[in-house]
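Undergrad: Dropping a structure here in structure tokens format, bear with me for questions.
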Amino acid sequence: MQHHILSPPTPPDRVQMVLDTDTANEIDDQFAVVHALLSQDRLRLEAIYATLFSRGGRPPADGAAESEAEIHRLLDRLGVAADGRVMRGAEQFLAEDRRSVANAASDDLIRRALQPREGRRLWVAAIGALTNVASALVEAPQIAERIAVVWLGGQSQHSHDAREFNLYQDPVAARTVFDSGAPLVHIPCYGAASHLLTNAAELDAYVRPQGAIGEYLADIFRDHHEQYPGRTKEIWDLAASGYLIDESWVPRRSVPRPTLSQDMKWSMPPEDAPNAPFAEAHYVRRDPIFHDLFSKLAEFHEGQRTAGFAV
């Protein structure tokens, strides 16, 4: 028997949210963190979770610590006090038995998800490996009915396979979240978030002049890779903050919710599997998202906009 395809809930006018990010892994998370902190008129950002990652054979615990430190560097340049809103996540990936690797971030997510919200869900914007989110769902499966997840990672269902850094860092966590039943908006990388291209010249014109945070974002972009005429770079993670600010910026379609096979390919779940809301982005509107970020950075620098967490 075929399931009726269910669409995830639409982000409300004021989105109650947390952000789960491997901030020190590359240079795109920083833009998304700043975008969220500058969007208090639309986003009620309650907490930021530092997510683990592993590069060059280094332990994932180092990645979690570096991400936490990077979040604080961003807050310092924005003049925002952490006030206990930044939590370090898991220090190891999930094992095949899907046992939770409970941590401060997953504990905080559970606590916030279970708070009374007058019928509203807590939105979880995840822009790294899904370890923290999966751990929370394993520890407290009931929160699947109280959250909605927006995940930037993996590839689209029509791709040859799903492999991508955020996914293959912890495929067990991805599998756990996809199988959890929590409403999920999946933003694949190539073909969707890959439209979020910019270059050093554009950032030097519209970001660098905007004070300490603008200079920092422009510098890490330039330092990340060799510069040459025509060189562009994806700022993938802005797709997640952009979607929550204005869902029309990330067109998507409600499709059958896949599961992740052991060889990291998407496959359809058994017909008797529980039905759950799911949508996959098929495009990202690059121009309005960058315009929104650039405008908010300028307003912040001119004292016309504040940055911070939800009060």
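The values are calculated or read from the model by the stated rules, or taken from the named source; none is laboratory data. None of these values were measured; they are calculated from a predicted model. A quick note on method: Cβ atoms are made from the backbone with ideal geometry, for glycine too, and the neighbour counts reach across all protein chains shown.
Yes/no matrix, rows are residues, columns are (1) crowded, with 16+ Cβ neighbours inside 10 Å; (2) on the phi > 0 side of the Ramachandran plot:
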{"site": "83", "(1), (2)": "no, yes"}
{"site": "89", "(1), (2)": "yes, no"}
{"site": "92", "(1), (2)": "no, no"}
{"site": "107", "(1), (2)": "yes, no"}
{"site": "111", "(1), (2)": "no, no"}
{"site": "115", "(1), (2)": "no, no"}
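Undergrad: In the stretch 80-128, what residues are in a loop (DSSP other than H, G, I, E, B), of a type in the set (Val, Ile, Thr) and touching a strand residue (DSSP E or B) at 6+ places or on another chain (Cβ under 9 Å)? Steps first, please.
TA: First, the residues of the stretch 80-128 that are in a loop (DSSP other than H, G, I, E, B): 80-85, 89-103, 114-121, 127-128.
In the following step, the residues that additionally are of a type in the set (Val, Ile, Thr) were identified as 80, 101, 127.
If the condition is that a residue be in a loop (DSSP other than H, G, I, E, B), of a type in the set (Val, Ile, Thr) and touching a strand residue (DSSP E or B) at 6+ places or on another chain (Cβ under 9 Å), then 127 is the only one that fits.
Undergrad: Any chance you could count how many residues in the stretch 36-67 are surrounded by 24 or more Cβ atoms within 10 Å (Cβ to Cβ) and of a type outside the set (A, V, I, L, M)?
TA: Within the stretch 36-67, residues that are surrounded by 24 or more Cβ atoms within 10 Å (Cβ to Cβ) and of a type outside the set (A, V, I, L, M) number 5.
Undergrad: Here's a follow-up. Among (1) at pLDDT below 95; (2) part of a strand (DSSP E or B), which single condition is residue 228 missing?
TA: Evaluating residue 228 over (1) at pLDDT below 95; (2) part of a strand (DSSP E or B) leaves (2) as the failure.
Undergrad: When both residues are 6+ apart or on different chains and their Cβ atoms are under 9 Å apart, which pairs have a first residue that lies in the stretch 280-299 and is in a loop (DSSP other than H, G, I, E, B), and a second that is among the polar types (S, T, N, Q)?
TA: So the pair list comes out as 282/156; 284/194; 285/248.
Undergrad: Looking only at the stretch 284-301, which residues are over 17 Å from residue 42 (Cα atoms), surrounded by fewer than 21 Cβ atoms within 10 Å (Cβ to Cβ) and within 18 Å of the chain's Cα centre (by Cα)? Before you say what the answer is, go through the steps one by one.
TA: Going residue by residue through the stretch 284-301, those that are over 17 Å from residue 42 (Cα atoms) are 284-287, 298, 301.
The next check asks that each one be surrounded by fewer than 21 Cβ atoms within 10 Å (Cβ to Cβ); those that pass are 285-287, 298, 301.
Listed by number, the residues that qualify are 285, 286.
Undergrad: Related question: Contact list please: Cβ distance under 9 Å, first residue in the stretch 219-242 and under 16 Å from residue 286 (Cβ atoms) and in contact (Cβ under 8 Å) with a residue 12 or more places away in the chain, second residue in a loop (DSSP other than H, G, I, E, B) and of a type in the set (Ser, Thr, Tyr), pairs at least six apart or on different chains.
TA: Qualifying pairs under 9 Å: 241/39.
Undergrad: Is there a residue in the stretch 173-194 that is touching a helix residue (DSSP H, G or I) at 6+ places or on another chain (Cβ under 9 Å), farther than 22 Å from residue 128 by Cβ and of a type in the set (A, V, I, L, M, F, W, C)?
TA: No, every residue in the stretch 173-194 fails to be touching a helix residue (DSSP H, G or I) at 6+ places or on another chain (Cβ under 9 Å), farther than 22 Å from residue 128 by Cβ and of a type in the set (A, V, I, L, M, F, W, C).
Undergrad: Can you list the helices (runs of 4 or more DSSP H) found entirely within the stretch 129-183 that contain at least 3 residues being aliphatic (A, V, I, L, M) and in contact (Cβ under 8 Å) with a residue 60 or more places away in the chain?
TA: 171-178
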